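Enquirer: Sending over a structure as structure tokens; questions will come in a sec.
The values are calculated or read from the model by the stated rules, or taken from the named source; none is laboratory data. The structure presented is a predicted model; accordingly, all values stated were derived computationally and were not measured. Cβ placement follows ideal geometry from the backbone for every residue including glycine, while neighbour counts extend to all protein chains displayed.
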There are 2 protein chains.
Amino acid sequence: MKRNSRLSLALHTLRHMAGNPDRVQTSADIADHAGTNPVVVRRVLGRLREAGLLTSEKGHAGGWKLARAPESITLADVYLALDESLIATAPQEQPPACSIEHALHRRVSGVMKEIEESLIERLRETTISEVRGE
Amino acid sequence: MKRNSRLSLALHTLRHMAGNPDRVQTSADIADHAGTNPVVVRRVLGRLREAGLLTSEKGHAGGWKLARAPESITLADVYLALDESLIATAPQEQPPACSIEHALHRRVSGVMKEIEESLIERLRETTISEVRGE
DNA sequence: ACTCTCGCAACTAACGTTGTTACAAGACGA
DNA sequence: TCGTCTTGTAACAACGTTAGTTGCGAGAGT
């Protein structure tokens, strides 16, 4: 699939949890609803747990739950937790060998970094609670 | 390699041409300088030709040349010619089935589109002539 | 004990990108 | 006209990334 799908899965799941913050959901439930696989769910939500957005418990009544108030979780938090870095400029491993190439890379990287900043800025304006189907 | 490399190759080549606008260069020369393959060069530069930035000629004195004044070619022109669409949101082929998923997709797509606009805006500020190694 | 859950590692499959080979078609000069 | 240089294009291999899948171990709870 696309680069997008991890972010989609994460947001989708969090948004559902935001509507019912105390309910514990298993990976299997989530996978079922999202049309994917429990292992994939654990992979993605594991990132969110590392970032402090979710908690997980093993055992009978185990599963996933929000770790914080949904009003305090922005789209940017999710984006950053996954560190997708949509705006990728390859880190130019080779020594430039051509000053033009070097200058171009610097220029483009600069713009990309700026743009990624503003993307994050923009995502930070919305919390997961605020997105709702009409 | 990375998503980035087509854009890098295109910009690198155009920048060199901008410094010597009347010289005709073969794909082999360009590939050699960029450390890649003539076929790859033709693939990438072919896009630029379709966009009206370059011309190509077959035969003995054939090769590639700028189609326009280098001062009139911006980084955005190159980016758009390649239609890389760095900011990809998958076009959600499936019917949503879940209104939350739908709303999220709309929200995220909206932000992404905005961001891509501002990237292009930003790239439009610089012409290929203006980038130079110090 | 038994069962349910997450955690994790390993493997497969699909996809996109680059690189490579091969060949056809057009342009030019001898 | 013939040979040679070039682009144009198709087909294929190589590689990396991602999602999906299977299997097994480790905790938690009954």
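Enquirer: Can you tell me which of B:SER5, B:SER27, B:SER56 is modelled with pLDDT under 95 and within 14 Å of DNA strand C (Cβ to nearest atom)?
Expert: Numbers: B:SER27 fails: modelled with pLDDT under 95; B:SER56 fails: modelled with pLDDT under 95.
Selected residue: B:SER5, the only one of B:SER5, B:SER27, B:SER56 that is modelled with pLDDT under 95 and within 14 Å of DNA strand C (Cβ to nearest atom).
Enquirer: Going by the structure shown, is B:GLU50 touching a strand residue (DSSP E or B) at 6+ places or on another chain (Cβ under 9 Å) and more than 10 Å from DNA strand C (Cβ to nearest atom)?
Expert: Here the answer is no, as B:GLU50 does not meet what is asked.
Enquirer: Does the range B:1-19 hold any residues that are in contact (Cβ under 8 Å) with a residue 12 or more places away in the chain, within 13 Å of DNA strand D (Cβ to nearest atom) and buried (at least 17 other Cβ atoms within 10 Å of the Cβ), and which are they?
Expert: B:THR13, B:MET17
Enquirer: Could I ask something else about it? Collect the residues in the range A:33-56 that are near DNA strand D (Cβ under 10 Å from one of its atoms), more than 11 Å from A:ALA10 (Cβ to Cβ) and within 14 Å of chain B (Cβ to nearest Cβ), keeping them in residue-number order.
Expert: Listed by number, the residues that qualify are A:GLY35, A:THR36.
Enquirer: While we're looking at this one, here's another question. If you check B:VAL111, B:VAL24, which single one turns out to be over 28 Å from A:ALA103 (Cα atoms), over 19 Å from the mean Cα position of the chain (by Cα) and of a type outside the set (S, T, N, Q)?
Expert: The unique qualifying residue is B:VAL111.
Enquirer: Whether any residue in the range B:99-117 is assigned to a helix (DSSP H, G or I), of a type in the set (Lys, Arg), out of contact with any strand residue (DSSP E or B) (no Cβ under 9 Å at 6 or more places or on another chain) and modelled with pLDDT of 95 or more is what I want to check.
Expert: Residues of the range B:99-117 that are assigned to a helix (DSSP H, G or I), as a first pass: B:99-117.
Pick out the ones that are also of a type in the set (Lys, Arg) and you get B:106-107, B:113.
Filter once more, keeping what is out of contact with any strand residue (DSSP E or B) (no Cβ under 9 Å at 6 or more places or on another chain): B:106-107, B:113.
Remaining after also requiring modelled with pLDDT of 95 or more: none.
For the range B:99-117, residues assigned to a helix (DSSP H, G or I), of a type in the set (Lys, Arg), out of contact with any strand residue (DSSP E or B) (no Cβ under 9 Å at 6 or more places or on another chain) and modelled with pLDDT of 95 or more: absent.
Enquirer: Here's a follow-up. Which one is farthest from B:GLU121 (Cα to Cα), of the residues in the range B:55-81 that are touching a Lys or Arg at 6+ places or on another chain (Cβ under 7 Å) and surrounded by 16 or more Cβ atoms within 10 Å (Cβ to Cβ)?
Expert: It comes out as B:SER56.
Enquirer: Also, I was wondering about something else. Give the number of residues within the range A:71-97 that are modelled with pLDDT under 90 and more than 7 Å from every other protein chain (Cβ to nearest Cβ).
Expert: Of the residues in the range A:71-97, 10 are modelled with pLDDT under 90 and more than 7 Å from every other protein chain (Cβ to nearest Cβ).
Enquirer: Now a separate question. Kindly provide the set of residues from the range A:45-84 that are touching a residue at least 40 places away in the same chain (Cβ under 8 Å) and of a type in the set (Gly, Ala, Ser), ordered by number.
Expert: Passing the criteria: A:ALA69, A:SER72, A:ALA76, A:ALA81.
Enquirer: Only one residue in A:VAL41, A:VAL78 is under 15 Å from the mean Cα position of the chain (by Cα) and more than 9 Å from DNA strand C (Cβ to nearest atom), so which one is that?
Expert: A:VAL78
Enquirer: Related question: Please specify each residue of the range A:20-44 satisfying the condition of being in a loop (DSSP other than H, G, I, E, B) and either surrounded by 14 or more Cβ atoms within 10 Å (Cβ to Cβ) or free of Cβ contacts under 8 Å to residues at least 40 places away in the same chain (or both).
Expert: Filtering the range A:20-44 for residues in a loop (DSSP other than H, G, I, E, B) gives A:20-24, A:26, A:35-37.
The answer is A:ASN20, A:VAL24, A:THR26, A:GLY35, A:THR36, A:ASN37.
Enquirer: Is it true that some residue in the range B:57-65 is of a type outside the set (Ser, Thr, Tyr) and more than 9 Å from DNA strand D (Cβ to nearest atom)?
Expert: Start the filter on the range B:57-65 by keeping residues that are of a type outside the set (Ser, Thr, Tyr), which leaves B:57-65.
From what's left, more than 9 Å from DNA strand D (Cβ to nearest atom): B:65.
Within the range B:57-65, one or more residues are of a type outside the set (Ser, Thr, Tyr) and more than 9 Å from DNA strand D (Cβ to nearest atom).
Enquirer: All but one of (1) facing another protein chain (nearest Cβ under 10 Å); (2) more than 10 Å from DNA strand D (Cβ to nearest atom) hold for A:ASP22; state the number of the condition that does not hold.
Expert: Against the list (1) facing another protein chain (nearest Cβ under 10 Å); (2) more than 10 Å from DNA strand D (Cβ to nearest atom), A:ASP22 comes up short only on (1).
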